[in-house]
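**Q** Just passing along the structure, written as structure tokens.
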Amino acid sequence: MISAGQKKQEAAVRFAQNVLDDQDKADALADLSLEEYAERRGLEIIDNPGRRVRAMANGTGGSMTKEERCGIVCRSWRPKIPI
């Protein structure tokens, strides 16, 4: 899996090649290790703990059930009618 740091470094290489039209700079950037690139850019490499957990209303938590939540949403929703 490609890390976010590697993606940034690859984008910098493509930028040097395509926008700056500087192959020497692109080669120099490509030759850097990820740690060297991060240091050069002043970035900090951290260990990603994994995927984010997104909490969803499923009726298992809190004091309201799905039906109660749906009732609130259904009562508060009003269709917009164009004039």
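**Q** Given the residues Ile72, Ile45, which is the only one that is part of a helix (DSSP H, G or I) and at pLDDT 75 or above?
**A** Being part of a helix (DSSP H, G or I) and at pLDDT 75 or above holds for just one of Ile72, Ile45, which is Ile72.
**Q** Next up: What do you reckon, is Arg52 surrounded by 13 or more Cβ atoms within 10 Å (Cβ to Cβ) and at pLDDT below 95? Reasoning before the result, please.
**A** Numbers: surrounded by 13 or more Cβ atoms within 10 Å (Cβ to Cβ): no; at pLDDT below 95: yes.
No, not satisfied.
**Q** Related question: Cβ-Cβ under 8 Å, sequence separation 6+ or interchain: first residue in the stretch 30-42 and farther than 12 Å from Ser3 by Cβ, partner assigned to a helix (DSSP H, G or I) and of a type in the set (Val, Ile, Thr). Which pairs?
**A** Close Cβ pairs (under 8 Å, with a partner that is assigned to a helix (DSSP H, G or I) and of a type in the set (Val, Ile, Thr)) amount to Ala30/Val13.
The values are calculated or read from the model by the stated rules, or taken from the named source; none is laboratory data. Model, not experiment: these values are computed from the prediction. For neighbour counting, all protein chains shown are included, and Cβ atoms are generated from backbone atoms with ideal geometry for every residue, glycine included.
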